[in-house]
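For reference, the structure is listed below as structure tokens.
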Amino acid sequence: MYLVLISKRVQKQIEKIPEPVRKRLVALVEQLQERGPIQPGWPNYGNLSLNRYHCHLSHNWAACWYFEKGTVEIEVYYVGSRQNAPY
């Protein structure tokens, strides 16, 4: 079991995203908690760098998270439009 942390920036962003995307984010967080940072079943999942990952929540929305090997913490540091995603 992993501990998923949501950054303050993402907490504020969650209020602005459409409800269907919010539900997909909840599903992603649940899968991160259960299975860890590697999520190949999500659309356009990929590594951004050694410890950073991303996937698409919908056609226009993406999520990014960070995982430090040797820990059980995963931090979701970005949820927003694909165009503004930090990758």
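Please tell me if Leu57 is surrounded by 12 or more Cβ atoms within 10 Å (Cβ to Cβ), at pLDDT below 95 and closer than 15 Å to Val79 by Cα.
no
Would it be correct to say that Pro20 is without any contact (Cβ under 8 Å) to a residue 40 or more places away in the chain, within 10 Å of the chain's Cα centre (by Cα) and either in a helix (DSSP H, G or I) or closer than 12 Å to Tyr2 by Cα (or both)?
No; evaluated as a whole, the condition is false for this residue.
State yes or no: is Ala63 surrounded by fewer than 19 Cβ atoms within 10 Å (Cβ to Cβ), of a type in the set (Gly, Ala, Ser), within 12 Å of the chain's Cα centre (by Cα) and within 15 Å of Ser7 (Cβ to Cβ)?
no
Can you work out which of the residues in segment 1-10 that are out of contact with any helix residue (DSSP H, G or I) (no Cβ under 7 Å at 6 or more places or on another chain) and under 20 Å from Pro86 (Cβ atoms) is surrounded by the most Cβ atoms within 10 Å (Cβ to Cβ)?
Of everything passing the filter in segment 1-10, Val10 is surrounded by the most Cβ atoms within 10 Å (Cβ to Cβ).
Among Gln39, Gln13, Gln33, which is the only one that is under 17 Å from Ala85 (Cβ atoms), touching a residue at least 24 places away in the same chain (Cβ under 8 Å) and of a type outside the set (Val, Ile, Thr)?
The match here is Gln13.
The values are calculated or read from the model by the stated rules, or taken from the named source; none is laboratory data. No experiment lies behind these values; they were computed from the predicted model shown. All Cβ positions, even for glycine, are placed from backbone atoms using ideal geometry, and neighbour counts span all protein chains on display.
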